[in-house]
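**Q** The following block contains the structure, expressed as structure tokens.
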Amino acid sequence: MLKTILSTHILPTVRHHSCGGFRHPAKLYHHPVPQRCVHTRTKPRISPPPKLKSSSTDSTAGISPFGWGLLIIPATTFGLGCWQVYRKQWKEGLIDELERKIHMSPVPIPDDLTALNDMEYQTVTVRGQFLHDQEFHLGPRACIQHGDSHTAGGLFSQKEASIGFLVITPFKLEGRDDKILINRGWVPKRYLDPATRPEGQVHGTVELQGVVRLPENRPQFTPKQRGAIFMYRDVERMAAMSGSEPYYLDATVASTVPHGPVGGQTRVTLRNEHLSYIVTWFSLSGFTTWLWFRQIVRGKSF
């Protein structure tokens, strides 16, 4: 009987109020039952905060020593660009100095010939005699033509102006025992032999003007001198072979005589291409810097 009453009236009431928060009547139980509330929902999951992009400082922190070493390429090219700026300024100053010396008034050759070492490209006046039996030749060379000077000698046509030689002749200074070397000018190859141009071999005392030139270093890969034909201006060897002093003048165009060498064969133009070198080196430095930042710092590839 008791079992029937519990199952019919009391248990349904307890199930209905199990989560209601009310305490069961004391008359139903001899001992109070602790209340529990069952939750079927779970707490919402909290998503982690988004990752922030690393700054440039963080990016450079992971660069290897090899990556830092690659910076030597843009640094070196930048340094070469700065060096070319200096070279350009130096070359322009040298060109201005040569122009100033070329346009100076001629002066008599100094009594002390060693003073000529500090007078390159200056014009001096000399008086004396040519020693044609000791003539040297320098070449092959192209002819430097000044106005109509190529017609004064009457030795060659325009087609022959690209192949010829310079005639270097010892010159005995008047009133002194000194001999120097004078570049009389250019002759075509077919008139290299002095016997083919006897009218151009000036005899007796002459006065002329010449541009002071210093010895020339032997260019790379240039063969050694053989015989009386020189490949470059080897003043020391020419002087030793002729018994002259090691001083050398380029006769001016005014010294040209009919059927003789064409004077005025002094090249005073200096190459000044440093501006193109500056643009090249600085452009290469900028490009390699950008490439280093893209490949090493940003880690991007092409």
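The values are calculated or read from the model by the stated rules, or taken from the named source; none is laboratory data. Since this is a predicted model, take the numbers as computed values, not measurements. Quick reminder, even Gly has a Cβ in these numbers, built from the backbone with ideal geometry, and neighbours come from all protein chains shown. For the accessible areas, the whole protein counts, side chains as well, though only heavy atoms, and no ligand, DNA or RNA atoms are used. Shrake-Rupley method; radii C 1.70, N 1.55, O 1.52, S 1.80 Å.
**Q** Please state which of the following conditions K91 fails to meet, knowing it meets all the rest: (1) closer than 30 Å to Y277 by Cβ; (2) surrounded by 14 or more Cβ atoms within 10 Å (Cβ to Cβ); (3) modelled with pLDDT under 85.
**A** In the conditions (1) closer than 30 Å to Y277 by Cβ; (2) surrounded by 14 or more Cβ atoms within 10 Å (Cβ to Cβ); (3) modelled with pLDDT under 85, K91 misses (3) alone.
**Q** I've got another one for you. For the range 184-195, how many residues are in contact with a strand residue (DSSP E or B) (Cβ under 7 Å, 6 or more places away or on another chain) and surrounded by fewer than 24 Cβ atoms within 10 Å (Cβ to Cβ)?
**A** Of the residues in that region, 3 qualify.
**Q** Looking for something polar (S, T, N, Q) and not in a loop (DSSP other than H, G, I, E, B) - is there at least one such residue anywhere in the range 223-237?
**A** No, the conditions are met nowhere in the range 223-237.
**Q** Still on this structure, please answer the following. With the checklist (1) touching a strand residue (DSSP E or B) at 6+ places or on another chain (Cβ under 8 Å); (2) open to solvent by 20 Å² or more (accessible area, probe 1.4 Å) in hand, flag the one item F136 doesn't pass.
**A** Here F136 clears every test but (2).
**Q** Residues that are at pLDDT below 95 and within 19 Å of V107 (Cα to Cα): does the range 232-247 have at least one?
**A** No: the range 232-247 contains no residue that is at pLDDT below 95 and within 19 Å of V107 (Cα to Cα).
**Q** When you go through (1) under 22 Å from Q122 (Cα atoms); (2) aromatic (F, W, Y); (3) buried (at least 18 other Cβ atoms within 10 Å of the Cβ) one by one for F230, which number turns out not to apply?
**A** Of everything listed in (1) under 22 Å from Q122 (Cα atoms); (2) aromatic (F, W, Y); (3) buried (at least 18 other Cβ atoms within 10 Å of the Cβ), F230 misses just condition (1).
**Q** Taking only the range 66-118 into account, find how many residues are within 30 Å of W290 (Cα to Cα), among the basic types (K, R) and in contact with a Leu (Cβ under 8 Å, 6 or more places away or on another chain).
**A** Qualifying residue count, the range 66-118: 1.
**Q** Go through (1) modelled with pLDDT under 60; (2) touching a Pro at 6+ places or on another chain (Cβ under 9 Å); (3) open to solvent by 10 Å² or more (accessible area, probe 1.4 Å) for G153 and report which single condition fails.
**A** Looking at each condition in turn, G153 falls short on (3).
**Q** Kindly establish whether D250 is buried (at least 19 other Cβ atoms within 10 Å of the Cβ), of a type outside the set (A, V, I, L, M, F, W, C) and farther than 17 Å from F130 by Cβ.
**A** no
**Q** Here is a follow-up. Counting only residues that are exposed (fewer than 14 other Cβ atoms within 10 Å of the Cβ) and farther than 17 Å from E236 by Cα, how many does the range 196-225 have?
**A** The qualifying residues number 9.
**Q** Whether any residue in the range 262-274 is in contact with a Gly (Cβ under 9 Å, 6 or more places away or on another chain), open to solvent by less than 20 Å² (accessible area, probe 1.4 Å) and at positive phi is what I want to check.
**A** Yes.
**Q** What is the one condition in (1) part of a strand (DSSP E or B); (2) at pLDDT below 90; (3) aliphatic (A, V, I, L, M) that V268 does not satisfy?
**A** V268 satisfies every listed condition except (1).
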